[in-house]
Amino acid sequence: MESIYNAPLAAAILSWFIAQLLKVLISIIKNGKLSLERFLGAGGMPSSHSAAVCALAAGLAVSEGLNSPLFALAFILAFIVMYDASGVRRAAGIHAREINKIKDAISDIIMKRNVEEKKQYLKEFLGHSPLEVFFGAIFGIVMGILFTVYS
C-alpha cells in the first residue's frame, strides 16, 4: 500500500503556517500588541505565499528532479506568485493607502460642516516589498529541501 504522505505538499503548508506565525511575532515586536489579523491577512514579513510556493517547488526539485514537469510547473507558479505579491498587490496596497488619506481629508471637511459620514477604509496590507518576498522564498526553499530530504 502506497503512503499518502506528500513531503513537498507538507513543506508548502507548514512553510505558509510558520511564515504567518512569524508575521504575528514580528508585529508584536514592532507594535507592542497582538494582531491576529496578521495571521490571516496578506502582506508583511515574511511573504507566506512566497514561502509556500518555493517550498513546493524546492520539494519537487528534490523528489522529482529539476527536469520534472511537476518542478517546472511549480517553478512557474512560484515566479508568478512572487511577481504578483511584490508588483501588482503591492501597488494596490500603496494606492489604498493614498485613497485612505484622501478619504480622511474629505472626512475632515465633512466634519467641519456637521455632516454625518460612515468611514470605510480600503485594506492597505495587500502585497509585499521585494525583501519580504525574498525572505519568504529563502525560508520556503530551505523548508522544501529539508522536508523532502528528511522524509
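Points worth noting:
- Across all directions, the average flat footprint of the convex hull enclosing the Cα atoms of region 35-84 is 3.7 nm².
- Nearest-0.05 FRET efficiency for GLU37 and ASN67, computed from C-beta distance (R0 35 Å): 0.25
- Sequence-ordered 3J(HN,Hα) estimates for region 42-50 from the Karplus curve with 6.51, -1.76 and 1.60 and θ = phi - 60° stand at 7, x, x, 9, x, 6, 6, 5, 5 Hz, glycine and proline given as x.
- In this structure, ILE94 and LEU146 have a Cβ-Cβ separation that, at R0 = 30 Å, corresponds to a calculated FRET efficiency of about 0.30.
- Unit Cα scatterers, Debye sum, region 27-110: log10 I(q)/I(0) for q = 0.25 Å⁻¹: -1.11
- Ascending count of other beta-carbon atoms within 10 Å, so fewest first, for GLU98, GLU64: GLU98, GLU64
Just so you know, all these numbers are worked out from the coordinates, no wet-lab data involved. These numbers were taken from a predicted model, which means no experiment stands behind them. Here Cβ is always computed from backbone atoms with ideal geometry, including for glycine, and neighbour counts include all displayed protein chains.
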